[in-house]
Amino acid sequence: MSDNPEELKAQIKKLSAQAMTWKMNLHDLSEELPVNWENIMETAQKTHDAYAALTAARQRLAELG
């Protein structure tokens, strides 16, 4: 992760978009159940990972404050 606040802000913007995409994928999957129920764990894990990365980047930016 970058120590440059401007680079970190750009990264946060990108991570936020990715997290939102995975959130919507999970939402869409839930609406289609029981179709594609096999994808629940993978989609949930990717959503979790995306939000974890976003949270870590936001915390890093706050530390640089």
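Summary of values
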| item | result |
| --- | --- |
| Cα-based radius of gyration of the chain once divided by 2.2 N^0.38 Å, which approximates compact folds | 1.34 |
| Backbone HN-Hα couplings from phi across the stretch 54-65 [Karplus 6.51/-1.76/1.60, Hz, Gly and Pro as x] | 5, 4, 4, 5, 5, 5, 4, 4, 5, 5, 6, x |
| Karplus 3J(HN,Hα) series, Hz, for the stretch 35-49 with 6.51 cos²θ - 1.76 cosθ + 1.60 (x for Gly, Pro) | 5, 6, 4, 5, 8, 4, 5, 5, 5, 5, 5, 5, 5, 4, 4 |
| Net charge, residue 39 excluded, C-beta distance under 14 Å - Lys, Arg +1, Asp, Glu -1 | -4 |
| 0 to 90° range, to nearest 10: angle between helix 5-32 axis and the chain longest Cα axis | 10 degrees |
| Cα lying deepest toward the dipole's positive end in the chain, options 41, 51, 29, charges on Cβ | 51 |
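The numbers here are math on the coordinates, done by the rules we state, and not lab data. Just so you know, these numbers come straight off a predicted model, no measurement behind them. Neighbour counts run over all protein chains shown; Cβ positions are idealised from the backbone, glycine included.
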